[in-house]
Each structure stands twice: as structure tokens, then as C-alpha cells.
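S.K.: Quick one: the structure is below, and I'll ask about it shortly.
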Amino acid sequence: MTEMAHDAVVSPRPRLASGLALALISAVSFGTSGTLARGLLDTGWSPGAATLLRVALAALVVAPLGAVALRGRWGVLRRNLGVVMLYGVLAVGAAQFCYFSAVQYMKVGPALLIEYTSPAVVVLWMWLRHRQRPGVLTLTGAALAGLGLVLVLDLVGGLGVSPAGVGWALGAMVGNATYFVVSADDRVDLPPLTLAGGGLVVGAVVLGLLGAVGLLPMSLSAADAVYSGHAVPVWVPVLGLGLVSAAAAYTTGIAAARRLGSRLAAFVALTEVLAAIVAAWLVLGEVPMAVQLGGGVLVVAGVVVVRLGEAWRTGGTPRPSERRRGSGSARRPASAAGATAAQRKQATARGRPIA
């Protein structure tokens, strides 16, 4: 990950409201993916096949819209090709494949909670790579999240969580961290639809190539998917994965992160954990244990404290892109204190002061 984790300082109220709405839509859409995929995996689908079909279907829908949004500015796409590749390989392909692999070995809720410790990974990366040492609040939040994971996995009670499931969920966490860092970088001058469409195409191509050479097992089944004892045609969860939990989720998520910045976007995205747990409870009958609910609360609290610590550390420093294009007071008419000598001279010649 390159140094792209710059957050906006203040969002105008309409932009903030639309960003929050888009982030909630994205989180709920993403939250359905594990439950929908579980029904396919139980009938013999491999995680690779479920991921490839989901990403490919979403790419077919979003990529044409992304091309239209580009308005013929293909040079912009060429300049940002590396970002699109990073987004497609890690944020799309790796994150979803690892998550679907995780839910083969563990319940949806714990797998998603592990994935959503990704904000702490972003903080750690910025510390090791860019020497941005975290403060006391940040370290406290990381400790809370770690304790929460112990409870979620019920390591003390001996729930018997599969190490393979935990390993796959940690891989999804890395991909999820990449998703927030890249999505929130407003220096990438690609429209959200273009970034989402390009990333989905790259993810589909990479997954397809891995499947073609045999590195990614691909197995499908025409059998009906079963959810809480009710059989549904296989095309229902397939369309849900492609259109709702991928196409809608990625496009609204990028648009939200551009409006909110990675800190607030990551915080609102925690509602995906709640949406996924509720969906798994209602559709799959996966009732969470009390100790796991307590651990989930600690994980969420830890991530929130980490975010508060990072906001305190940055102290509202504007991101470089805002300094370049001007923001806040820079967009207002010049005041007497901020006017240049040439402006004062021109105003004096016209016989009026600078307001």
C-alpha cells in the first residue's frame, strides 16, 4: 500500500449526508455476501467459483457504466492503471476469495469481525512504512480489538475455531484494508464507477486465470441452495452476490469513501458486521453466543477508539490534494488579512476596501 491514507477534514453538510447514506447502503449490501455464498458452498460450490462468478457478474454490470463515466478520458485510466490493478487484485479478488474461504470453516459473524479489524492494519502500516507513530488512544483501541477477537473466537472456552478459517479471515482483512485506503484517496482522479468497474474486471481476470491453470479450484453445482431448510433456485443467490453484494456494494462504497474519508467511512462500514450477523441469524439460523456478542462489542469499540486516536493525532491537517486545489477559506473571497499586495492596490484604486 502506498501512502494514500489521507482524509478530508470537514465535509459540507449535503456531502456528508449523501456520504453516510451511500456508506450504509454499501455496508448492508456487503453484509449479505457471506450468507448468500454459504448457501452455494454447502451445495458443492468452491470458494473460487463463487468469488469468480460474483466478481464477473458485477464487472459486466459496472464496467460499461464506468466507461461512460470516464467520458473518453482514457489517459486518466492509463495514469491510474497501477491503482486499478492494486484495487482489483487485493480489494476485490483477494478480499472476497479469502472471506468466502473463511466461511467454509467458521460462522459468518466471527469471520467478518476478524476481517473488520482492518483499520488497525492501516494504522500499523502507516507506522512501519511512514513512521507515523500511533498515540495512546490508538494503542488502547488495538488492545481492545485484540481482546475482542479472543472472545469472538472463544479461545478460552474452547469453541474449536478452525485455524484455516482464521487464516483466511486474516487474508480478507488485508484486502479490506486495501479497499479503504484506495477508495478514500481523492488524488486518484478516476470516477468511482470507473475505479469500481476497472477493479472488478481486473479481479475477474486474475481469478479466471488462477482457475484456468488449476491454482484455484473451480467447482459448480446446479442444485438448489438451502437456507434455514428452504430450497431456492441457484440463480437467486448468484444474482444476489453479483448485483447486490458486489456491483452495488463496491460502487456505493467508493463514492462514500470519497465523501467521508477513510476514517469515517471505515467507522460507518462497521455496520456491515451487524448486517452480516443479522442476515446469518435470520437466513442461516446462526445464533451468536453471548461471549461472541461481547467480543464483537469489544472489537467494534476497539476500532472506534483507534479511529479517534488517529483523528486526534492528525489534528485536522488537510490532505495534500485539498491544499493543491484549495479548500475551506481558500475558496472564500479574500479577506483583508489574506489579500495580496496586488489585491489591496487594485481595491484602493477602485475606491473600495476588501471585505
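Laboratory data are not the source of any read-out in this text; all were calculated from the coordinates shown. Because the structure is a prediction, the values reported are computed rather than measured. Note that each Cβ is placed from the backbone with ideal geometry, even for glycine, and that neighbours are counted across all protein chains shown.
S.K.: At a Förster radius of 41 Å, what calculated FRET efficiency corresponds to the Cβ-Cβ distance of residue 15 and residue 139, to the nearest 0.05?
M.R.: Working: r = 32 Å, r/R0 = 0.78.
The value I calculate is 0.80.
S.K.: Sort the range 13-315 into rounded, prolate or oblate with this rule: let a ≥ b ≥ c be the square roots of the eigenvalues of the Cα gyration tensor; rounded if a/c is under 1.5, and if a/c is not under 1.5, prolate when a/b is larger than b/c, oblate otherwise.
M.R.: Numbers: a/c = 1.62, a/b = 1.01, b/c = 1.61.
Because a/c hits 1.5 or more and a/b fails to exceed b/c, the range 13-315 counts as oblate.
S.K.: Treat the count of other C-beta atoms within 10 Å as a stand-in for reagent exposure and order 71, 38, 54, 187 from fewest to most. Present the calculation step by step, with values, prior to reporting the outcome.
M.R.: On the way: 71 10, 38 25, 54 32, 187 13.
Going from least to most buried by this count: 71, 187, 38, 54.
S.K.: Mind listing the long-range amide H neighbours of residue 227? Cut-off is under 5 Å, sequence gap 5 or more, other chains count too, H placed in the peptide plane at 1.01 Å from N.
M.R.: For residue 227, the qualifying residues are 232.
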